[in-house]
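Chemist: First the structure, which I've put down as structure tokens, then a few questions once you've had a look.
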Amino acid sequence: MSKATWSAPERNKQPILEVLQRVLPSTGTLLEIASGSGQHAAYFAEKLPALRYLPSDVDPENLRSIRAWVEEARLPNLAPPLELDVSSQAWGVGQVDAIFNANMIHIAPWECALGLISGAGRHLRSGGVLVLYGPFRIDGAHTAPSNAAFDQSLRERDPRWGVRDLEALVALAETAGLSFEERVAMPANNQTLVFSRDGAADLGGLAPASS
């Protein structure tokens, strides 16, 4: 079975983990949307053993790679991947305690962001956490020239793609019953955004909407 290894997850997995360890609930089920190669799933499941880790993807090749990582890791808390389309109204996961997604919404049509946020509103338990990682525009501007160039290249590849505005995501999340809790600046001009279901009070000590 083919196991892919991508450079981006290797670079960003430790900085992301540091945020996840702080903001995620101590126990429960963590659903990863668009798990890609499966590297994050194997790494985070090992480092977060008290959480049941549920990877997912819609691409058949990615699902094969995720399965290979899962089989190699042999972790009791790491489930086989689900075939999950964020645009579907039926995710088939029931209620979960946390949802994590990295580097999807800018390399997908805006409808996928709508589906992701809507699904988080449906499937997160009260007090649950949504964590998004990737490049975002803030106050209508890119955070670095490299992000502006990246955005242009994405839109040239597919006009439906592009780096999204933080404010648009916050507004979208509010319509799904999610409260924006924090923005964490990450390496390589990326950001981690943290939302809570029903404005959870206890998220590992998060300050509201910090930057």
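Read-outs throughout are calculated quantities, based only on the coordinates presented, and are distinct from any laboratory measurement. Predicted model, so just to flag it, every value in this text is computed and none were measured. For neighbour counting, all protein chains shown are included, and Cβ atoms are generated from backbone atoms with ideal geometry for every residue, glycine included.
Chemist: Just the number: Rg to Rh for segment 83-173, Cα atoms, Kirkwood Rh, two decimals.
Modeler: Here Rg/Rh amounts to 1.00.
Chemist: Take peptides 185-197, 38-50, 132-144 and line them up by average Cβ neighbours within 10 Å, highest first, as a rough protection proxy.
Modeler: Order by mean packing, descending: 38-50, 185-197, 132-144.
Chemist: In the calculated pair distance distribution of segment 41-85, what percentage of Cα-Cα distances lie above 16 Å?
Modeler: Within segment 41-85, distances greater than 16 Å cover 29 percent of Cα pairs.
Chemist: Along the charge dipole of segment 1-140, Cβ charges K/R +1 and D/E -1, which of 55, 104, 91 sits furthest on the positive end?
Modeler: Positive-most Cα among the choices belongs to 55.
Chemist: Another question, then. Full-extension gain between residue 95 and residue 10, please, as 0.36 nm times their residue separation minus the C-alpha to C-alpha distance.
Modeler: This chain segment gains 27.6 nm when fully extended.
Chemist: Further, regarding this structure: Give me Rg/Rg_expected for segment 1-91, where Rg uses Cα atoms only and Rg_expected = 2.2 N^0.38 Å with N residues.
Modeler: Taking the Cα Rg and dividing by 2.2 N^0.38 Å, one obtains 1.02.
Chemist: Just check segment 120-191 against the gyration tensor rule for me: Cα atoms, a ≥ b ≥ c as the square roots of the eigenvalues, rounded for a/c under 1.5, and otherwise prolate or oblate depending on whether a/b exceeds b/c.
Modeler: It is prolate, given that a/c is not under 1.5 and a/b is the larger ratio.
Chemist: Now a separate question. About its Cα centre, how strong a charge dipole does the chain have in debye, to the nearest 20, once Lys and Arg get +1 and Asp and Glu get -1 at the Cβ?
Modeler: Roughly 300 debye for the chain.
Chemist: By DSSP, what percent of the beta bridges with both residues in the chain are antiparallel, rounded to the nearest 5?
Modeler: Beta bridges within the chain, antiparallel portion: roughly 45 percent.
Chemist: Hey, another quick one. Taking the highest mean first, how do the peptides 85-93, 19-27 order by number of other beta carbon atoms within 10 angstrom per residue?
Modeler: So the peptides 85-93, 19-27, ranked by packing, come out 19-27, 85-93.
Chemist: Between 74, 125, 64, where does the largest GNM mean-square fluctuation fall for the chain, given springs only between Cα atoms within less than 10 Å?
Modeler: For the chain, modelled as a Gaussian network with Cα springs under 10 Å, the answer is 74.
Chemist: At 7 Å along the Cα-to-beta-carbon direction for both residue 75 and residue 21, put a label point, then send me their distance in nm to one decimal.
Modeler: For residue 75 paired with residue 21, the spin-label model returns 1.3 nm.
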